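Chemist: Got a structure here, written out as structure tokens. Questions coming.
The values are calculated or read from the model by the stated rules, or taken from the named source; none is laboratory data. All values reported here derive from a predicted model rather than from experimental measurement. Here Cβ is always computed from backbone atoms with ideal geometry, including for glycine, and neighbour counts include all displayed protein chains.
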Amino acid sequence: MLISHLHGDHYLGLMGLISSMHLMGRRTELHVYGPPELGDIVHMQLKASGTWLRYPLHLHHTRPERGAEVFTDDRVQVTALALKHRIPCTGFVFREHPRPRPLLRDQVHRIPHFQRNAVKAGEDLHLEDGTVVPNAELTQDPPAQRAYAYCSDTAYDPGLVQYLRGVDLLYHEATFTEQLSARARETMHATGRQAGLIAREAGVGTLLLGHFSSRYKSEEPLLREAREVFPNTLAASEGALFPVGPRSMV
């Protein structure tokens, strides 16, 4: 679980979720990544309520440097992305690790079991008689690595572009329209057009807008100005699902 920053709309539901998992009998450990102060808040609330969780809870501090690793396992790496906001705020980039090259079914019989992992990793096949079989004859390209970036609360920041290049799906806040760009600068938020500019410069697949000001009865004005500079833009909505590669199109 990843927490970007400590404004209430981004973390106040955490304790309710932690408690609900406890009441529902969770036993598997839970890892939560967020600002250093988050650990103090969680421990204080657990202590104040006299709650002893039935499952291990691990609280990790996110490092503010851009590109710093937050988490990795055998499938994905998550890196931090320091954002420009009124308080320390971290975005996250999720990138899949390279997948093994699938073996061609009609070639599997040629590959000894002890060499199959090496061939899947891209190596050529070396036979006992000295013959070298090129990897391209034995395997096919794996599915493309997918990537998703989450930029929650941030002012317009072209410095983000180098860390977002080529991601399949970019979530970027769009609190205001350009008509309120001065208010966006004051509160360190972004406009729909600014989100579109970031997406265009980074060459992402799809832009997903969110964090709309409640002054807008519809997300259409924000979508419209983002699409003027980056047509493949969608609006986030509660409960909606958005694919991360192959790239979705509007």
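Chemist: Among the numbered criteria (1) on the phi < 0 side of the Ramachandran plot; (2) at pLDDT below 95, which one does residue 89 miss?
Modeler: (2)
Chemist: Here's a follow-up. List, please: which pairs have Cβ atoms under 7 Å, are six or more places apart or on different chains, and start with a residue in segment 29-41 that is outside the structural domain of residue 91 (by TED's automatic domain parsing) and end with one that is among the polar types (S, T, N, Q) and not in a strand (DSSP E or B)?
Modeler: 33/62; 34/62; 35/62
Chemist: Another question about this same structure. Pull out all pairs, ordered by first then second residue, where Cβ-Cβ is under 8 Å, the residues are six or more apart or on different chains, the first lies in segment 95-123 and is under 29 Å from residue 71 (Cβ atoms), and the second is in a loop (DSSP other than H, G, I, E, B) and among the small types (Gly, Ala, Ser).
Modeler: Final answer for the pair search is 100/121; 101/121; 101/122.
Chemist: Got a sec? Which of 207, 197, 222 is in contact with a Phe, Trp or Tyr (Cβ under 9 Å, 6 or more places away or on another chain) and within 24 Å of residue 8 (Cβ to Cβ)?
Modeler: 222
Chemist: Please go through segment 171-228 and pick out each residue that is aromatic (Phe, Trp, Tyr) and either modelled with pLDDT under 95 or under 21 Å from residue 150 (Cβ atoms) (or both).
Modeler: Correct list: 171, 176, 212.
Chemist: Within segment 169-201, track down each residue that is within 19 Å of residue 90 (Cβ to Cβ), buried (at least 24 other Cβ atoms within 10 Å of the Cβ) and among the β-branched types (Val, Ile, Thr).
Modeler: Within segment 169-201, 175, 198 qualify.
Chemist: Taking residue 78 as the residue in question, decide whether it is surrounded by 13 or more Cβ atoms within 10 Å (Cβ to Cβ), touching a residue at least 24 places away in the same chain (Cβ under 8 Å) and in a strand (DSSP E or B).
Modeler: Spelling it out, residue 78 is indeed surrounded by 13 or more Cβ atoms within 10 Å (Cβ to Cβ), touching a residue at least 24 places away in the same chain (Cβ under 8 Å) and in a strand (DSSP E or B).
Chemist: Oh, and also: Determine, yes or no, whether residue 138 is under 24 Å from the mean Cα position of the chain (by Cα) and surrounded by 19 or more Cβ atoms within 10 Å (Cβ to Cβ).
Modeler: Values: under 24 Å from the mean Cα position of the chain (by Cα): no; surrounded by 19 or more Cβ atoms within 10 Å (Cβ to Cβ): yes.
No: the conditions fail for residue 138.
Chemist: Looking only at segment 133-145, count every residue that is part of a loop (DSSP other than H, G, I, E, B) and out of contact with any Lys or Arg (no Cβ under 8 Å at 6 or more places or on another chain) and tell me the total.
Modeler: Residues that pass the stated criteria total 2.
Chemist: Another question about this same structure. Consider residue 125 against the criteria (1) among the hydrophobic types (A, V, I, L, M, F, W, C); (2) surrounded by fewer than 21 Cβ atoms within 10 Å (Cβ to Cβ); (3) at pLDDT 95 or above: it satisfies all of them except one. Which criterion is unmet?
Modeler: Evaluating residue 125 over (1) among the hydrophobic types (A, V, I, L, M, F, W, C); (2) surrounded by fewer than 21 Cβ atoms within 10 Å (Cβ to Cβ); (3) at pLDDT 95 or above leaves (3) as the failure.
Chemist: Shifting gears a bit: Go through (1) part of a loop (DSSP other than H, G, I, E, B); (2) out of contact with any Gly (no Cβ under 9 Å at 6 or more places or on another chain) and name the single condition residue 245 misses.
Modeler: Every condition holds for residue 245 apart from (2).
Chemist: Report, by residue number, each residue of segment 14-64 that is of a type in the set (Phe, Trp, Tyr) and modelled with pLDDT under 95.
Modeler: 52
Chemist: If you check residue 150 against the conditions, is it closer than 20 Å to residue 77 by Cα, in a helix (DSSP H, G or I) and under 21 Å from the mean Cα position of the chain (by Cα)?
Modeler: Numbers: closer than 20 Å to residue 77 by Cα: yes; in a helix (DSSP H, G or I): no; under 21 Å from the mean Cα position of the chain (by Cα): yes.
Judged against the criteria, residue 150 is not a match.
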